[in-house]
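Here's the structure we're looking at; comments come further down.
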Amino acid sequence: MVNFEYNNEEKTIKVIFTGRLDYMAAGELNEIIQSEPIMKNRHPEDSLIFDIGGVDYIASSFIRTCVIHAKQAGAGKFAIINCQPLVKKTFKISGLDEVLNIS
Amino acid sequence: MAHPKIALILATGGTGLVKAAYSSGNPAIGVGPGNVPVFIDDSADIPFAVSNIISSKTFDNGTICASEQAIVVFDSIKLQVKAEFERQNCYFLNAEEIAKVEKIAIVTETGSMSAQVVGQSVSTIAKLADIEVPEGTKILMVMPGGIGKEFPLSGEVLAPILAFYSAKDYHSAINYCIDLNYLGGIGHSACIYSNNEKRIMDYAELLNAGRVLVNTPTSQGAVGHLFNALPPSLTLGCGTGGKNITTENITARNLLNIQRVCRRKPNEMWFNFDQSKYFDESQTADDITKEYYKNH
């Protein structure tokens, strides 16, 4: 459901999500992300990228997860990449696509 | 617009005008701007699609808000579609020419289209921009390189100027269309040229558009009657996404106060119906329906 990659050269943490991120899954994700050592050892200069290319559905609770991590990462240090169209539309409707740097 | 003698305001125009109408305190029907994406997928009849797009985008020099604003194709058919546009007398601008057209077509301060190009012919626009285009050019094709405020020609321009994008796969192509749709054209119109029914329905589901035109020129298609059963109108609602009250094509019917004379007509069937049967588990829905309509 979620994997972590750290790129030391680019100072980037990539969190790769797969599957359907409904209310239950998003709740479990928060715990997994918080307990992941890469995330615990994150430096303030590290950028955080959520790769959701393998996600075909998101619930509003996942949007909340994104907002929390975007705030923690700081301006210009958070991005969401590889959105599938249905997921992209959800972010667009929420009006958070620019704030969360969606592509 | 706030005058007490005004019965109803019908506002067709930019966001500012529509907002003013809705804020006036008088009843208002406002409709907003479009930024119509056209997705040509690899199952489409390309010469047919291009010919339709040209007939639509050149109609009244692109003044209709439902006119095509951007073409999105797969990388795999990009050259074929581009060649077809060229064969049918459209001209692809180079980077230098795009910069010149941008300058005269877009107001830098606001990022919106400039009134001096609205409804103007290709030759007039070329003169204004100080560029040379082949005689008989029907549409100026531009590749803005991206979508958003930093790519001014990715927004709505009501003139024979048409953006062109290619995407590596289906998801990327649809994402381009969603981005274009949300760049000032929410709820208005979108178009797909395809012979793949599943893609057509997926596209309709993913785009926020009151009208999704299928294998149809958007100017003539969205305004109704010629190619479909939409009510004929040049006032096209964009729904709540576009801050409008409706997604309908507005017609005279929307301007009428409809009065209904409602005579008392008690539903006597209820009194004759043995209501204890609702709680009888041996009764099926069909049994209850039959009992209800029984001629007592």
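Can you list the helices (runs of 4 or more DSSP H) found entirely within the stretch A:20-82 that contain at least 3 residues being surrounded by 12 or more Cβ atoms within 10 Å (Cβ to Cβ)? Passing ranges, in order: A:23-35, A:60-73.
Residues are listed down the side, and each one gets a yes or a no for (1) assigned by TED's automatic domain parsing to the domain that holds residue B:182; (2) surrounded by fewer than 17 Cβ atoms within 10 Å (Cβ to Cβ); (3) of a type outside the set (Asp, Glu):
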position: B:27; (1), (2), (3): no, yes, yes
position: B:48; (1), (2), (3): yes, yes, yes
position: B:60; (1), (2), (3): yes, yes, no
position: B:80; (1), (2), (3): yes, yes, yes
position: B:97; (1), (2), (3): yes, no, no
position: B:111; (1), (2), (3): yes, yes, yes
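Taking the listed residues B:195, B:175, the one that is without any contact (Cβ under 8 Å) to a residue 24 or more places away in the chain and either away from chain A (no Cβ under 14 Å) or not in a strand (DSSP E or B) (or both) is B:175, with no other qualifying. Taking residue B:134 as the residue in question, decide whether it is away from chain A (no Cβ under 14 Å), in contact with a strand residue (DSSP E or B) (Cβ under 7 Å, 6 or more places away or on another chain), part of a loop (DSSP other than H, G, I, E, B) and open to solvent by 40 Å² or more (accessible area, probe 1.4 Å). The answer is yes for residue B:134. With respect to the conditions (1) open to solvent by 40 Å² or more (accessible area, probe 1.4 Å); (2) within 14 Å of chain B (Cβ to nearest Cβ); (3) in contact (Cβ under 8 Å) with a residue 24 or more places away in the chain, residue A:1 falls short on a single one, namely (2). Condition check for residue B:6 on (1) hydrophobic (A, V, I, L, M, F, W, C); (2) in contact with a helix residue (DSSP H, G or I) (Cβ under 6 Å, 6 or more places away or on another chain); (3) more than 21 Å from residue B:85 (Cβ to Cβ): one failure, at (2). For the stretch B:28-37, the count of residues that are touching a residue at least 12 places away in the same chain (Cβ under 8 Å), assigned to a helix (DSSP H, G or I) and within 20 Å of residue B:234 (Cα to Cα) is zero. Taking the conditions (1) modelled with pLDDT of 90 or more; (2) open to solvent by 30 Å² or more (accessible area, probe 1.4 Å); (3) under 29 Å from residue B:240 (Cβ atoms); (4) within 14 Å of another protein chain (Cβ to nearest Cβ) in turn, residue A:87 satisfies each one other than (2). Scanning the stretch B:214-266 for residues that are hydroxyl-bearing (Ser, Thr, Tyr), within 27 Å of residue B:41 (Cα to Cα) and in a loop (DSSP other than H, G, I, E, B), we see that the one that is most open to solvent (accessible area, probe 1.4 Å) is B:247.
The values are calculated or read from the model by the stated rules, or taken from the named source; none is laboratory data. Since the model is a prediction, treat every value here as computed from it, not as a measurement. As a convention, Cβ positions derive from the backbone with ideal geometry for all residues, glycine included, and neighbour counts pool all protein chains shown. Note: accessible area is taken over every heavy atom of the protein model, side chains too, but ligands, DNA and RNA are not part of it. Shrake-Rupley method; radii C 1.70, N 1.55, O 1.52, S 1.80 Å.
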